[in-house]
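Since the structure comes first, as structure tokens, the remarks are kept for the end.
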Amino acid sequence: MAERLTARAALALVTDDFTELPYPEREYGPDGPLGWEGYDASRARAAGRTGEPESVVCGTGSVQGTRAVLVSFEFGFLGGSLGRRTGDRLEAAYRYAREQRLPVVPLVATGGSRMQEGMVALVQLQRVARESALTREAGLPQIAVVRDPTTGGGWATLGAGADVVLALPGAQVGFAGSRVRPADADPAAYTAEAQLASGAVDAVVPSGELRAVLGRWLRLLTRPSREPAPVPEPLGVRDLPVSGREAVARARSPHRPRAEAYLDAYFTGRVAIGGDRCGGTDAGMLCGFGERDGRTVAYAAQTGTATRPAGYRTAARLVRLADRLGIPVLTLVDTPGAANDAEAERQGVGPALADLFGAVASARTPVTTLVIGEGGSGGALALAAPGRTWATPDSYFSVIAPELAAAILKRPAEETGRTADQLRLRPQDLAELGLVRLAGIDTNG
């Protein structure tokens, strides 16, 4: 059973210097906008129990050295529900964040909109969504921490609508609350862990580690730089392949350094985003932000497997977030190609590829690409930066795999090597064609 924290206890997990913001002072009629009998008495009892006059506490605080606007929900106040006064407070907090150029951290625990205020409460979600969108347009990050429980419109706006979503272990997280979901629904589907598995949450973080993890995220996402990411040094062989067949064999070797090795060598520390926000994850696409020489660099790296639609959508999410925050991007290409099974088609591999092509093509922040292994057709090209792509000596890039090319040309299998040579897929061939630059290659060897 997840621990249910008060608003102040949640704030104490992440900061020691919280300063509450002033709130708008507006009076609404007796028993609220609907004249709901007993509503004022319910509010008074909630205030007496919690010590809070409303369901959200807003202010500023430093999280491991990074100042932020913090918005913490008090679930004990009418289930942390959103009403008109809640909307007033949230709007004021987001506006303050934009005025002061501060990131926003919602610490969410809510059951949704307040039924005693009817549609007046529900439309607060539109108000919150607009404030979040304006803050996004201003280039300021939003990192949500979802607590127990986070359901309804609060999850669908402040929670799932954030750039990065962290969750406390065991928290109930989902659009449908426990009292409104189908009676036969599996309760395990409405947990932080289930949302992580389906790509809606980036990490489940124990409360004792939350301050350090949140601080790391805030530090990385608040350091814009328009300088391109440096090209990583090759970690494998340094001499060029003699033939196309050799280039393919090198790229497919199980002993060749993979994405994890490159990321570990390149960054002094990194944090990962997980999932495409559409119900999918792909372990074959690593995405996140890392620290390199005191700067933040975003990364999207293929791990040598056929990339799933969720992988392409996660990479597109990463590129767009980095672009909005002014953070350079490093991509590592290594895939035999896009997944081509029936399930991949049902999951929309074509549209997912199109989305990533568009994200890279429209990025204003510099994107740097290193091909570290297989560059299999459009499934690899979608991650490559036009005009800023390098290749290692143990890589290749091809319009199609040489085996498939030979099959299409009705050539026997023994002619695969000749076909590879004709495709001119070696790193030096690609450089001569003006498509890539050679990374760390000893041309005298």
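Most simply put, region 7-221 has about 40% antiparallel DSSP beta bridges, counting only bridges with both residues inside it.
In order along region 273-283, phi translates into HN-Hα couplings of 9, x, x, 9, 6, 10, x, x, 9, 8, 5 Hz, rounded to whole numbers, per the Karplus curve 6.51 cos²θ - 1.76 cosθ + 1.60 with θ = phi - 60° and x for Gly and Pro.
For P(r) over Cα pairs in 20 Å bins from 0, in percent, the value calculated from this model appears in [x] 27, 58, 14, 0; [y] 25, 47, 22, 6, 0; [z] 25, 50, 20, 4, 0 under label [y]. Taking a ≥ b ≥ c as the square roots of the Cα gyration tensor eigenvalues, with a/c under 1.5 meaning rounded and otherwise prolate when a/b beats b/c, else oblate, which class fits region 7-221? Here region 7-221 falls in the oblate category.
The relative contact order of the chain, computed from alpha carbon pairs under 8 Å that lie at least 6 residues apart in sequence, is 12 percent.
Per-residue ellipticity at 222 nm computed for the chain from its helices equals -10000 deg cm²/dmol, with DSSP H segments shorter than 4 residues left out and the rest contributing -39,500 (n - 2.57). Projecting the Cα atoms of Val69, Ala167, Gly153 onto the dipole axis of the chain, where Lys and Arg carry +1 and Asp and Glu carry -1 at the beta carbon, places Val69 farthest toward the positive end. In this Cβ point-charge picture (+1 for Lys and Arg, -1 for Asp and Glu), region 244-438 has a dipole of about 400 debye about its Cα centre. In a fully extended conformation the segment linking Ala249 and Ala342 would gain 30.7 nm over its present Cα-Cα distance, using 0.36 nm per residue.
Each of Thr365, Leu423, Tyr262 was scored by the projection of its Cα onto the charge dipole of region 244-438, and the greatest displacement toward the positive side belongs to Thr365; charges sit on the C-beta of Lys, Arg, Asp and Glu.
When peptides 16-26, 87-97 are sorted by average Cβ neighbour count within 10 Å, with the highest value leading, the order is 87-97, 16-26. Charges were assigned to the Cβ only: +1 to each Lys and Arg, -1 to each Asp and Glu. The resulting dipole of the chain about its Cα centre is roughly 600 debye. When only the Cβ of Lys, Arg, Asp and Glu is charged (+1, +1, -1, -1), the dipole of region 7-221 relative to its Cα centre reaches about 300 debye.
Multiplying the residue separation of Arg101 and Met115 by 0.36 nm and subtracting their alpha-carbon distance yields 1.6 nm.
Can you find, among Val271, Ala342, Ile327, the residue sitting farthest towards the positive end of the charge dipole of region 223-348, where Lys and Arg contribute +1 and Asp and Glu -1 at Cβ? Comparing the listed Cα positions along the dipole, Ile327 ranks first.
Listed peptides 327-335, 284-292, 28-36 appear in the order 327-335, 284-292, 28-36 once ranked by packing, highest mean of other Cβ atoms within 10 Å at the front.
With the Cα gyration tensor of region 299-445 giving a ≥ b ≥ c as the square roots of its eigenvalues, does the rule (a/c under 1.5 for rounded; else a/b larger than b/c for prolate; else oblate) give rounded, prolate or oblate? Oblate.
Only the coordinates and a few stated rules stand behind these numbers; no lab work does. Note that the structure is a prediction, hence the values are computed from the model and not measured. As a convention, Cβ positions derive from the backbone with ideal geometry for all residues, glycine included, and neighbour counts pool all protein chains shown.
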